[in-house]
Amino acid sequence: MPYTSYERLTALDSTFLDLESSGVHMHVGSVGILDPGPLVDEEHVLDFDQVLNVVDSAVRRVPRLCQILVKTPVTQHPVWVDDKHFNPLYHVRHTSLPRPGDERQLKRLAGRIMSEKLDQKKPLWEIWVVEGLEGGKLAMISKIHHCLIDGIAGIDILAAFLDTDGDTRHLHNDHRWIPRDPPSGMQLLGDEVGRRASIPGKLVGQLAQVFRKPQRAIDDGSHLAAGLFSTIRKSMSSGSETPFNVPIGPHRRFDWTRFDLDIVREVKTRVGGTVNDVALACVAGAVRRYLERHEVDTSEMDFRAFLPVSTRKQKERGRLGNQVSLLVAPLPVDEPDERKRVERVIEETTELKQSGEAEGTEFLEQISDWTVPALLSALSRMSATRRAFNLVVTNVPGPNSPVYMNGAKLLESYPVVPLFENQALGLALMSYDGGLYWGFNSDWDVVPDLHDFVNDIEQEFELLRKL
């Protein structure tokens with residue numbers, strides 16, 4: 001029987017490890033603000049042991065959070081194995097703002113925490129519990145490496161830490177972590193050789209399916225080929241030069257805003273498209289405002305957004321790792337009229353959905369996984385350095401109703417997306433309990449006026465409301 005005490009990373013998962021550098025940190029995260037409820041005593045002092053018990057109970061349900069990376073001999077491909085030294089106290093940090101801490105101080109703290117890379121010799125996650133906020137609120141700043149999760153998997157992990165009923169539970173650390181013995185280097189190498197030897201058989205099986213339904217295979221193949229060609233063509237070409245696309249350092253700023261989701265849906269109903277189209281139209285208008293304020297000519301600008309799109313099927317919910325297609329869409333930054341910007345965004349996203357690029361990027365991921373995993377890493381790095389896209393915009397659907405950490409209600413949740421090489425600004429959106437929450441991550445030095453960009457987003461949304 002095969003040895004099962006480890007799990008091999010896919011080519012896409014390992015790409016997020018390969019993309020890291022001194023200035024590029026490939027962790028995602030969030031800043032959550034909670035009404036502490038039963039997590040504090042009558043004098044508003046945090047019961048940190050209770051928080052630790054909640055987290056410890058959650059990680060038992062997500063064993064990946066108790067695992068570390070090792071590499072297969074020769075091929076150097078990473079795999080997950082149990083951490084025999086796992087200690088939740090290393091991963092759950094407790095800090096406080098000077099009371100009464102305001103929103104600006106919390107944003108600065110979040111930026112500093114996101115400026116530090118995760119230690120790849122430990123399980124790749126941290127949670128910072130922050131006291132001292134105005135009104136007695138708590139904040140929880142989390143970060144987790146992108147090689148573990150995509151946006152949907154992140155929501156699934158969130159469910160392990162939070163519940164929907166708001167009840168207080170008395171949790172205890174009764175179950176000690178018992179790690180499995182790691183595989184030997186020879187076992188890892190032997191399994192890798194066997195995996196590669198099985199690839200020809202898998203290809204033969206796929207060819208047999210082609211011969212059983214040749215016309216469908218031709219139609220699907222044409223669609224896939226067109227999408228694959230478009231994906232490669234975009235990755236080899238460059239968008240316009242902008243102040244956002246320069247070498248970045250390790251230090252981060254973080255900011256946020258919130259829109260009422262019902263109002264966003266009203267705007268969507270009036271202007272057409274989807275909630276995501278409305279968000280992208282806001283981004284296009286805000287980028288235009290920002291660049292013109294910095295005396296950049298936008299009249300003929302080719303500005304591109306990198307849009308991760310989930311390919312995860314419902315039956316695959318709960319599985320970690322990344323299951324996304326990596327799409328690139330032009331944003332109409334050159335268009336001065338807000339109504340026409342919305343129309344062009346809808347046109348572009350509709351065309352993108354029909355282009356086959358989602359299937360093309362999936363196929364590239366499979367090819368890389370079957371052959372040379374570094375192929376996908378090299379293509380991703382080349383796309384960033386050649387300016388195949390100018391910034392990342394990712395949108396993840398969160399819970400529709402309130403969630404709680406052992407009775408403490410989550411009031412707000414702002415997502416964090418990492419910055420790629422030569423990408424000084426990244427935007428992440430998450431819907432939660434009637435709100436659309438925006439998180440803005442930027443290089444500290446390249447975008448010192450990040451809050452002005454947040455204001456630009458808000459002003460663009462007001463323009464769309466008035467259409």
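When you filter the GluC sites (Glu not before Pro) in the range 1-56 for DSSP loop state and at most 11 other Cβ atoms inside 10 Å of their Cβ, you are left with GLU42, GLU43.
Counting neighbouring beta carbons within 10 Å and listing from fewest to most, the residues VAL278, VAL392 come out as VAL392, VAL278.
Given R₀ = 41 Å, what would the calculated FRET efficiency be for ASP167 paired with THR350, taking r from the Cβ atoms and rounding to 0.05? About 0.40, to the nearest 0.05. Of the DSSP beta bridges with both residues in the range 6-188, give the percent that are antiparallel, rounding to the nearest 5. Expressed as a percentage, antiparallel bridges in the range 6-188 total about 80. Going from the fewest other Cβ atoms within 10 Å to the most, the residues LYS340, LYS137 appear in the order LYS340, LYS137.
Remark on ARG180: its backbone amide H falls under 5 Å from those of ASP82, a criterion applied only to residues 5 or more positions apart or on other chains, H modelled at 1.01 Å from N. Sorted fewest first by neighbouring Cβ atoms within 10 angstrom, THR95, THR349 come out as THR95, THR349.
Each value in this text was obtained by applying a stated rule to the coordinates, not by laboratory testing. Note that the coordinates shown come from a computational prediction; the quantities given were computed from them, not determined experimentally. Virtual Cβ from ideal backbone geometry, glycine too; neighbours counted across all protein chains shown.
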